[in-house]
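> Please see the structure below; I have some questions.
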Amino acid sequence: MLLIHLLIQDSSAYDSGYTIGYAIGKYLPFVVLVVIAFFLFRYFKNKSKK
């Protein structure tokens, strides 16, 4: 019973900082992968022109 009460109490205690951190943690890996793929694509495209 105490565990359920703690879970309910914690879930209502999140603020905007938690939401921002969650969004950054959710989308940052995809952004990093896209940036790496873009630079690899540019590198190999420019390498093949020479």
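> Using the Cβ atoms and a cut-off under 15 Å, what net charge is assigned to the surroundings of Phe39, where Lys and Arg are +1 and Asp and Glu are -1?
In short, +3.
> Taking a probe of 1.4 angstrom, what is the accessible area of Ser48 in Å², to the nearest 10?
90 Å²
> Just subtract the alpha-carbon distance of Arg42 and Tyr27 from 0.36 nm times their residue separation and send over the number in nm, one decimal.
3.1 nm
The values are calculated or read from the model by the stated rules, or taken from the named source; none is laboratory data. Note that the structure is predicted; figures quoted are calculated from it, not measured. When we count neighbours, we look across all protein chains shown, and the Cβ atoms used for this are built from the backbone with ideal geometry, even at glycine. Note: accessible area is taken over every heavy atom of the protein model, side chains too, but ligands, DNA and RNA are not part of it. Shrake-Rupley method; radii C 1.70, N 1.55, O 1.52, S 1.80 Å.
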